[in-house]
Structure formats: structure tokens, C-alpha cells
1. Using Cα pairs closer than 8 Å and at least 6 residues apart in sequence, work out the relative contact order for the chain, in percent.
2. Do any of 53/82; 28/62; 32/62; 17/143; 82/111; 53/175 go past 19 Å between their Cα atoms, and which?
3. For the chain, what is the largest minus smallest coordinate of the Cα atoms on each principal axis, given in angstrom and ordered from greatest to least?
4. Which one of 42, 84, 164 has the biggest mean-square fluctuation once the chain is modelled by GNM with Cα springs under 10 Å?
5. Hey, can you grab everything whose amide H is under 5 Å from the amide H of residue 87? Only 5+ residues off in sequence or another chain; H modelled, so Pro and N-termini drop out.
6. What is the packing order of peptides 125-138, 150-163, taking the mean over residues of other C-beta atoms within 10 Å and listing the highest first?
7. Ranked highest first by average number of other Cβ atoms within 10 Å, how do 139-149, 16-26 line up?
8. Have a look at 114, 65, 100 and tell me which one the Gaussian network model of the chain (Cα, springs below 10 Å) gives the largest fluctuation.
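The values are calculated or read from the model by the stated rules, or taken from the named source; none is laboratory data. Keep in mind the model is a prediction, meaning the values are calculated, not measured. As a convention, Cβ positions derive from the backbone with ideal geometry for all residues, glycine included, and neighbour counts pool all protein chains shown. Heavy atoms of the whole protein, side chains included, go into the accessibility calculation; ligands, DNA and RNA do not. Shrake-Rupley method; radii C 1.70, N 1.55, O 1.52, S 1.80 Å.
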Amino acid sequence: MLRTNTFEVPYYIGHCKDHLSIKDSLLKIIDKNNGEHSQFPGYNITKTDYYLKGNDPNFEQKYISIIHPYILKHLNECQIIKPGQEQEYFYWYNQYTKLSYHGWHDHQGIKWASIYYLELSEDNPVTEFRNFLTQDVIRVNVKEGDIITFPGFMDHRSPPNLSGERKTIIACNLKTIY
């Protein structure tokens, strides 16, 4: 039996071909959204709607109708979605301004997680992943308009934003209903 020191976990990176045409619409919706500052031990997110959906039955995430078809296309291209399986999607956005961050975490019970980089300047930090065996930090090469999909058990974080530029992501958890 061959044994190696690293365990490779699959992740998929694609690009939203219509990023430039949908970016302004998405940002206008998010700017009007009543997101909240989220500051708990391990993270300090400038603005998010992660907690609002569960607390307000009338809460609408109008950006989903715009981004969902692109996430689906990406998941199909990665062969993550299988015909006949019912899927459940949970969306939220996070915005990070100077010194905001999201510490190490995973998405327990979620098969696949995706991140769409809506705003990402060259000076913004990208998502980092941590190899669960070696604890090595892995930085992936993504740019604005990219979508990355990875297993929900992977530790990841958004390091502190040391730039003066805002970073905005739209995240999606995919849960397969059997």
C-alpha cells in the first residue's frame, strides 16, 4: 500500500461568464439589504444576511434569483449535481471591510459549499483552506467573478482584510435530500 503525507481534497473553480453584467445589480440589492454586522469570537463580518433568513419569515434574498442559475451551471459542470437527487440550497452574503475577517470554520452536515467572489480586488485576501491532516494552509488562485466549490467539511477562512477595498462574497451550501 502506498502512503503519502498529504491528502488531496477536491475543489472546483469556475468563472461566472456574465459577472460584469450582473455585478452592479447584485451589489445594489445587497446595499439595500438590511444585513447586520456579525461579531462573535473568531469572526468579525462587516455585513451579512446569514442570520436574518431564520429570524424573519418575510425576509427576501432577492439576489438569489440572479446568482442561482450561475451556481447551478457551475455545479453541473463540476458534476456535483446528480439527476434525480433533490437538492436544498442555502444562500447568504458576507461583506468584509478593513480589518474584518471570518475565522477557521467548516460547514458540518453540508456536502458541498460554494463561494462566488462578487467583489474581490487584488489587495483583498482570498479564502484560505487548511489541510486537516497536516494543518498546512492552502491559498487558492481565485479572482473576482470566480466560483469555488469545495466539500463542506474543509476548514476555511477569510483572513483579515488589510486593504481599504471592500470584499463581497455570496455563499451557497448544497445539501442533498435523499
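1. Working: 343 pairs, mean separation 54.8, N = 178.
31 percent.
2. On the way: 53/82 27 Å; 28/62 10 Å; 32/62 10 Å; 17/143 13 Å; 82/111 13 Å; 53/175 17 Å.
Over 19 Å Cα-Cα: 53/82.
3. 57, 42, 32
4. 84
5. Excluding prolines and chain starts, which carry no amide H, the hits are 177.
6. Details: 125-138: 14.5, 150-163: 17.2.
The peptides rank, most packed first, as 150-163, 125-138.
7. Working: 139-149: 17.3, 16-26: 14.3.
Going by the mean number of other Cβ atoms within 10 Å, highest first, we get 139-149, 16-26.
8. 65
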